[in-house]
Structures are given as structure tokens and as C-alpha cells.
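Below is one structure, written out as C-alpha cells; comments come after it.
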Amino acid sequence: MPKTPIHDTNDRPVLFISDLHLDASRPAVIRLFIQFLRQTASKAQALYILGDLFEAWIGDDALRAEDAVISALRALSATGVALYVMRGNRDFLLGEGFSQATGAALLGDLHRIELDGVVVLMLHGDTLCTDDIEYQRFRAMVRDPRWQAQFLAKPAAQRLADAARAREESAKHNRSVDEAALDVSPGSVHRILREQGVRHMIHGHTHRPSVHRFELDGAPAQRIVLGDWYEQGSCLVCERGCWQLQELAL
Ligand code: MN
């Protein structure tokens, strides 16, 4: 995305979600998401999905166009709602095939927009968890194009098995490290805000929905954390200059 998209929310809202972790094992969440697309997102001007839409994504070649989620996303973008998807740490292999099937524009790892005159930086959030050294090492490995090419060359069944094992190891790792290491590092938040020259940030990943207001270099700054879709849905609604984290009942 070369230019900064500008949204004026006086007309229609802009929505942000992340960490749905859609998976066939949790059909109620899939139903909630499809209902959200049809009833809520369809009235918005744009929907930003900031990573981990899917619990796992083993490559666009395994995409089934008839899948209810894919067709609901396609139906949404076909009505003219701008649909943007960022890759998370689970679905980092989302690619052009997904984009073409859904009409979603894939975003880079750091993406900025202007929202009612405020410049906002969006990211999945895993790059802020810099105290988790082992995760950052894993991330560097799986984001390497050579690693991805080797992985994508494996048969789908092998990739599914590898992904399941990676999730198990990740769960084991998360249980073994200090709680604080799984949250963002304040130093990394400040560094990225300074580097990007912004004071507002929206991200997911930590599953700790909140609006954090703080001072950065003597001026107010804000970090909004989106919630996950396990026990409920979670959505940041920006409308008429108001930003509100909302829960969706499952
Ligand atoms: Mn994540």
C-alpha cells in the first residue's frame, strides 16, 4: 500500500478485528463471524483484520473456494466494503490466492491509515513481544522466504501435521515462559511509535483487549489492543470520531 488511505467515519464506520483463530473445531465462532460480516461489516466502509483470522493456514493451494468463510468474505468485498487482511503468527502464509478468492487486500506487517485526521499504525502485535526471545527466533525462521518455499513444497497432509505440532510446541512454550514475556514490551511499543512518527497504534495478538493511554516524549499516545474470538467476538468500532472496543456475544 503505497499511499496512506484516509477514512472519514462520519459517513460509515471503520471496523478492526483480529485473533479470530477460525478453526473447524469451533463452529460457533465461524457462525458468529459470518453473521458479523453480513450484519455489521456490511454497513461499514472498511474492515481491517489484523492477523490470526485463521488458526492455521498451510498455503493458498489448500484454500477451498466453497468454504463458508471465504465466500462470506468475498460477498462482503463484492458489496463495496473495503476489506484488508494482515498476516498473523498463525496465518502468515496467506497470499495472493487468498486475496483473489476473497477480494481482500493483503497488508504488510506495518500499515498506517488516517482515521478522521489521526494517523494510526496497525500491526498484528507479535513483533512487539520482544521479551520472548525464543518466539522471535521462531518468527524469523518461518518468515524467511526460503523456509516458506520449502514448507509449501511439502504435501498438504505433511504441512497440516507440521502446523499441528508447531501449535503444540507453542502452547508448551507459552506455559513455560513468564506471563509478562507474552505481553508486549513497552520499550518496543515506544520505539516503533517513534520510528514511525505516530502516536496511535492498534494491534491484536496478546488477547488482552484494552485501551492504553500514556505519555510518549511529553505528549499523549494511545495503544488499542483488540480481543480474541474465543468466549466472545471483539471489534473496535470507529464511528464519528469515537473509538470503541465492543464485545460480540457468542
Ligand atoms: Mn497472534
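The values are calculated or read from the model by the stated rules, or taken from the named source; none is laboratory data. The structure presented is a predicted model; accordingly, all values stated were derived computationally and were not measured. Here the Cβ positions follow ideal geometry from the backbone for every residue, glycine too, while neighbour counts run over all protein chains shown.
Anything in segment 120-155 that is within 14 Å of the ligand (Cβ to nearest atom) and either on the phi > 0 side of the Ramachandran plot or out of contact with any strand residue (DSSP E or B) (no Cβ under 8 Å at 6 or more places or on another chain) (or both)? List them, or say none.
Selection gives G125, D126, T127, C129, D132, Y135, Q136, F138, R139, V142, R143.
Residues that are at negative phi and more than 22 Å from the chain's Cα centre (by Cα): does segment 224-237 have at least one?
no
Working only within segment 127-148, note down all residues that are within 17 Å of the chain's Cα centre (by Cα) and part of a loop (DSSP other than H, G, I, E, B).
Matches in segment 127-148: C129, R143.
What is the residue count in segment 108-136 for residues that are closer than 23 Å to R90 by Cβ and either in contact with a Gly (Cβ under 6 Å, 6 or more places away or on another chain) or of a type in the set (A, V, I, L, M) (or both)?
8
I'd like to know if segment 191-211 contains one or more residues that are touching an Asp or Glu at 6+ places or on another chain (Cβ under 7 Å), of a type in the set (S, T, Y) and assigned to a loop (DSSP other than H, G, I, E, B). Write out each step before concluding.
Here is the first cut: in segment 191-211, the ones touching an Asp or Glu at 6+ places or on another chain (Cβ under 7 Å) are 204-208.
Keeping just the survivors that are of a type in the set (S, T, Y) gives 206.
Filter once more, keeping what is assigned to a loop (DSSP other than H, G, I, E, B): 206.
Yes, segment 191-211 contains a residue that is touching an Asp or Glu at 6+ places or on another chain (Cβ under 7 Å), of a type in the set (S, T, Y) and assigned to a loop (DSSP other than H, G, I, E, B).
Counting only residues that are away from the ligand (no atom under 16 Å from the Cβ) and part of a loop (DSSP other than H, G, I, E, B), which one in segment 94-107 is farthest from I34 (Cα to Cα)?
G95
Looking at segment 150-177, which of its residues are touching a residue at least 12 places away in the same chain (Cβ under 8 Å) and not in a helix (DSSP H, G or I)?
Across segment 150-177, the qualifying residue is only V177.
Take the residues in segment 77-117 that are touching a strand residue (DSSP E or B) at 6+ places or on another chain (Cβ under 9 Å) and without any contact (Cβ under 8 Å) to a residue 24 or more places away in the chain, then tell me which one is farthest from P220 (Cα to Cα). Steps first, answer last, please.
Going through segment 77-117, the residues touching a strand residue (DSSP E or B) at 6+ places or on another chain (Cβ under 9 Å) turn out to be 77, 81-88, 90-91, 94-96, 98-99, 102-117.
Those still in the list that are without any contact (Cβ under 8 Å) to a residue 24 or more places away in the chain too: 99, 106, 109, 117.
Working: S99: 36, L106: 30, D109: 24, G117: 16 Å.
This residue is S99.
In the list E239, E247, E195, E231, which residue meets the criterion of being surrounded by 15 or more Cβ atoms within 10 Å (Cβ to Cβ), away from the ligand (no atom under 13 Å from the Cβ) and of a type in the set (D, E)?
E239
At pLDDT 95 or above and closer than 17 Å to L20 by Cβ: does that describe D162? Working first, answer last.
Details: at pLDDT 95 or above: yes; closer than 17 Å to L20 by Cβ: no.
Answer is no for this residue.
Would you confirm whether any residue within segment 118-126 is surrounded by fewer than 18 Cβ atoms within 10 Å (Cβ to Cβ), assigned to a strand (DSSP E or B) and touching a residue at least 60 places away in the same chain (Cβ under 8 Å)?
Yes - at least one qualifying residue is present in segment 118-126.
Can you name the residue in segment 181-190 that is within 21 Å of the chain's Cα centre (by Cα) and assigned to a helix (DSSP H, G or I) and, of all such residues, is farthest from L115 (Cα to Cα)?
A181
State the number of residues belonging to segment 7-28 that are among the small types (G, A, S) and touching a strand residue (DSSP E or B) at 6+ places or on another chain (Cβ under 9 Å). Can you show your working first?
Here is the first cut: in segment 7-28, the residues among the small types (G, A, S) are 18, 24-25, 28.
Those still in the list that are touching a strand residue (DSSP E or B) at 6+ places or on another chain (Cβ under 9 Å) too: 18.
Looking only at that region, the number is 1.
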